[in-house]
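To start, the structure itself, in structure tokens.
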Amino acid sequence: MFLHIDVDTFFVSAERSRNPSLLGIPVAVGGRSNLEIFERKRAHIRLMDRNHGAFVAPVFYSGRKRSFAEHFIDRIDGREKIRGIVTTASYEARERGVRTGMPLAEALRLCPELVVLPNDMLLYHRLSYALSHFLSRKIPRLEQFSIDEFFGDLAGWVAPAESEAFARSLQQEIFERFALPVSIGIARSKWTAKLATEYCKPYGVLKVEEVEAFIREIPIGEFPGIGRGYRRRLEERGVRTLGEIPKYRKLLESWGAPGRQLYRRILGIDGEGIAPRPSRQSVGISRTFDPLSDSGEIRRRIMILARHVAYITLRIGANPTRYYLKINYQEGIRAKEAIRVDRIFSESLLKEQLAGIFRRIHLSGYSAVKLSLSVSDFTHLHPRTLSLLELERDRRGRKISEGMQRIRERFGLDAIRTANELA
């Protein structure tokens, strides 16, 4: 038997765990792109990177607390405008029409009494990390699937007949220890267990014995792994529920390996076990901001993002050989480029190469609204022969980067900034 453990409205529940006065009232955690790293004044930024699963990104934080007004209200032409979106809404807020992804201004119109809190990703990561550590002692084979989701394999640990009692005991202990409500799905397949969790929220436990009976009337879009593309292709053939899938086995198999895998997952016959903690395949960062046409400022922000990517890369001891930059402009226009760099990695090398990409791809006269950059193809995962032409220079650059790394680990990521971040 597998368990799928999911924290109900995680960000809101995390806030309630430290402030019980939020219980029973409509609450939303709001999100807005963190632009603090672009400030010219030092913010003493640090990195939280202990906790990571399939969908868990590193967090850069300063510890500075901001009020609702500081975080979400901008003054534009002398008028106040609420910015940001709902990232998590409590069930009380959902009853009033508030939904994830909704603009905060709209959410407050629908529910004027809504309590909106700026997200505190450091708190959420620390709680998630503590919960992961706790669960790993309760379930030896554990997979962290996201910041608030976990799979556990009970084989050889808890008898199938005792799995539901074990889940209810675990649910209660999590609440007593962390003040976090969780819902738990139980099934012989990971993906059936995950689907079951959605049908026992909030704070429920559901064990699925007969998969075909359970999925008979469930809409196809509810299954994890059926995105818009697959859903459209199935609906074009009149498929509306998961219960109809067995009749369309040949269709799904005609889609190749992904289709065959999806078919087996839906029927609960995939045989997939707990996935090991994934090795990091890349390091990246992105930021969205108000339209910006000043090419010098766009370039400065790229250099700042590069510092943060370099910091994580050096921290994990990786040597990437692929550098990538994408610039999103207004009206859906994009410019991007990836290059191969078979050299010893350093912060100065990354910034030099990204500056070159920026010169080649930047569209003058257009306003940028988002920057994304990443490094990948690590040599310990994808062995490559590094260039000897710049060997001594690259060694010096790496040594300087490692020296700056030690200072930043002690005093913050913005303790040392290069000239191209200040211009």
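The values are calculated or read from the model by the stated rules, or taken from the named source; none is laboratory data. Worth saying up front: this structure is predicted, and the values here are computed from it rather than measured. Here the Cβ positions follow ideal geometry from the backbone for every residue, glycine too, while neighbour counts run over all protein chains shown. Just so you know, the surface numbers come from the protein's heavy atoms only, side chains and all, with ligands and any DNA or RNA stripped out. Shrake-Rupley method; radii C 1.70, N 1.55, O 1.52, S 1.80 Å.
Quick notes on this one:
- Only lysines eight or more places from Lys326 in sequence, or on another chain, were considered; those with a Cα closer than 18 Å are Lys336, Lys351, Lys370.
- The stretch 25-103: radius of gyration and largest Cα-Cα distance (Dmax), Å: 15.3, 44
- Per residue accessible area of the chain, 1.4 Å probe, in Å²: 49 Å²
- Taking every Cα-Cα distance in the stretch 135-215 and sorting them into 5 Å bins starting at zero, the pair-distance distribution P(r) comes out as 3, 15, 26, 31, 18, 6, 1, 0 percent.
- Packing rank of 371-384, 249-262, where each peptide gets the mean count of other beta carbons within 10 Å, highest leading: 371-384, 249-262
- Linear extension gain, Ser286 paired with Glu390, 0.36 nm per residue minus alpha-carbon span: 34.5 nm
- Helix 163-178 and the longest principal axis of the C-alpha atoms of the chain enclose an angle of approximately 40°.
- Accessible surface of the stretch 271-373, 1.4 Å probe: 44 percent of it comes from carbon and sulfur atoms.
- Computed over the alpha carbons of the stretch 1-143, Rg followed by Dmax gives 16.9, 60 Å.
- Cα-based convex hull volume of the stretch 299-423 per residue, rounded to whole Å³: 107 Å³
- Amide H to amide H, with H built 1.01 Å from N, Ser62 comes under 5 Å of Arg46, counting only residues 5 or more places away or on other chains.
- Calculated SAXS-style log₁₀ I(q)/I(0) at q = 0.25 Å⁻¹ - the stretch 104-171, Debye, Cα scatterers: -1.09
- Ordering of 131-141, 32-42 by burial proxy (mean other Cβ atoms within 10 Å per residue, highest first): 131-141, 32-42
- Phi-derived couplings, Karplus 6.51 cos²θ - 1.76 cosθ + 1.60 at θ = phi - 60°, listed residue by residue for the stretch 301-316: 5, 4, 5, 5, 4, 4, 4, 5, 5, 4, 4, 5, 4, 5, 5, 8 Hz, with x used for Gly and Pro.
- Kirkwood hydrodynamic radius of the stretch 149-268, from inverse mean 1/r over distinct Cα pairs, in Å: 15.5 Å
- The stretch 55-153 - percent of accessible surface contributed by carbon and sulfur, probe 1.4 Å: 52 percent
- Hydrodynamic radius of the chain by the Kirkwood approach over all distinct alpha-carbon pairs: 24.3 Å.
- Stretchable slack from Leu422 to Ala105, in nm (0.36 nm times residue separation minus alpha-carbon distance): 110.7 nm
- Radius of gyration (Cα atoms) of the stretch 215-370, expressed as a multiple of 2.2 N^0.38 Å: 1.48.
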